[in-house]
Amino acid sequence: MSAVALPNTLRVFERGWLSSNNVLAFDRDGGATLIDTGYLSHAPQTVALVEHALAGRALTRVLNTHLHSDHCGGNAALIARFGAALSIPPGHAPAVAAWDEEALTFRATGQRCERFMYDALLVPDSSVESGGFNWQVLAAPGHDPHQVMLWCASEHVLISADVLWQNGFGAIFPEIEGESGFAEQRALLEAIAQLQPRWVIPGHGAPFTDVAGALTRARARLAALADNPARNARQVAKTLVKFFLLEVRNVAFDELAAHFFAARYFQEINTRYVRQPWQRFMRTIVDELIALGAATERDGRLFDNQVSGPGSSAEGRRHEGATILRHNGA
């Protein structure tokens with residue numbers, strides 16, 4: 001399938017970890033909609049990027065594909081700055097209303113998010129108008145039971161959240177709690193193949209057009225994880241430790257072990273799959289990260305080994321008709 005231009009009413013902020021990508025859509029009414037808002041520690045940066053791109057327009061709406069902290073951590077700052085109305089998938093609406101950080105998985109993952117409140121729901125099988133186009137809201141469980149994707153059939157563009165990246169997908173969290181996630185993820189990959197998008201805008205990494213290649217890689221990775229659920233659980237643990245290291249940059253091993261002792265997902269992983277004394281379990285996860293080159297240890301402290309990527313300043317570029325702003329958060 002030959003590549004065609006992304007709609008020029010979309011601006012994609014390709015973010016570095018810890019934040020998800022953000023998609024800014026210029027709407028017919030002269031306002032704009034932002035899809036996903038990144039992590040809490042990057043919220044000032046997100047506000048600045050959005051304000052610059054708006055160039056005087058009003059940000060009227062914020063949509064979340066799901067409520068993991070790297071996708072909704074900028075909600076409160078953006079609402080405070082622009083007065084935008086927030087729409088979220090319905091599954092976690094009661095937890096947001098009560099601000100239950102355990103149900104919202106912020107405590108379970110050992111991550112942070114500033115409190116926010118929603119105005120409306122992104123109900124699966126409904127649709128939203130944004131960027132001058134109609135987007136269908138598609139249920140997308142697997143990585144997160146309440147996740148949604150946004151599908152623009154007229155332009156064949158899919159905002160895939162953490163269902164499909166160019167080289168993988170988001171961690172399958174339900175499986176570490178003994179709930180189904182692999183089957184749902186497999187069904188979503190097949191659903192994307194049936195949609196035949198020309199463009200996929202993922203939750204992390206660059207937008208891409210080689211959807212068949214991405215699906216092949218994702219299916220292979222999913223099969224390997226589903227064949228070895230313990231491997232999936234350990235991968236989740238390593239991902240969460242790496243995320244924490246990216247945020248704090250360095251930490252004493254004992255402090256890291258204490259931090260994750262309070263995180264339910266780590267208790268689940270150790271109880272179900274690893275079954276080691278706590279310090280030994282954390283030592284195992286950290287040693288695997290060090291072996292992968294993702295961290296370094298010196299004098300009892302762990303240091304993040306930052307993955308190389310684009311520079312720390314925003315870089316605008318034209319990409320098949322739509323502006324993509326690439327920014328690695330500091």
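The values are calculated or read from the model by the stated rules, or taken from the named source; none is laboratory data. Everything numeric here is computed off the predicted structure, so don't read it as measured data. Neighbour counts are summed over all protein chains in view; Cβ atoms, including those assigned to glycine, are modelled from backbone coordinates with ideal geometry. These area figures cover heavy atoms from the full protein model, side chains too; ligands, DNA and RNA do not enter into them. Shrake-Rupley method; radii C 1.70, N 1.55, O 1.52, S 1.80 Å.
Conditions (1) more than 19 Å from G178 (Cα to Cα); (2) among the β-branched types (V, I, T), marked per residue:
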{"residue": "A257", "(1), (2)": "yes, no"}
{"residue": "F260", "(1), (2)": "yes, no"}
{"residue": "I269", "(1), (2)": "no, yes"}
{"residue": "R275", "(1), (2)": "no, no"}
{"residue": "W278", "(1), (2)": "yes, no"}
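Among the residues making up the range 39-64, those that are outside any helix (DSSP H, G or I) and under 18 Å from the mean Cα position of the chain (by Cα) are Y39, V62, L63, N64.
When L6 is tested against (1) open to solvent by 10 Å² or more (accessible area, probe 1.4 Å); (2) in contact with an Asp or Glu (Cβ under 9 Å, 6 or more places away or on another chain), just one condition goes unmet, and that condition is (1). Checking each residue in the range 144-159 for being under 12 Å from the mean Cα position of the chain (by Cα) and not in a strand (DSSP E or B) picks out D144, Q147. A search for C-beta distances below 6 Å between a residue of the range 113-126 that is over 12 Å from V62 (Cβ atoms) and any residue that is open to solvent by 40 Å² or more (accessible area, probe 1.4 Å), counting only pairs 6+ apart in sequence or on different chains, returns L121/P90; V123/P90; P124/A139. The helices (runs of 4 or more DSSP H) located wholly in the range 70-136 that include 1 or more residues which are surrounded by 22 or more Cβ atoms within 10 Å (Cβ to Cβ), in contact with a helix residue (DSSP H, G or I) (Cβ under 6 Å, 6 or more places away or on another chain) and of a type in the set (S, T, Y) occupy 106-109. Taking E190, is it open to solvent by 50 Å² or more (accessible area, probe 1.4 Å), in contact with a Pro (Cβ under 9 Å, 6 or more places away or on another chain) and not small (G, A, S)? When the stated conditions are applied, E190 does not pass them.
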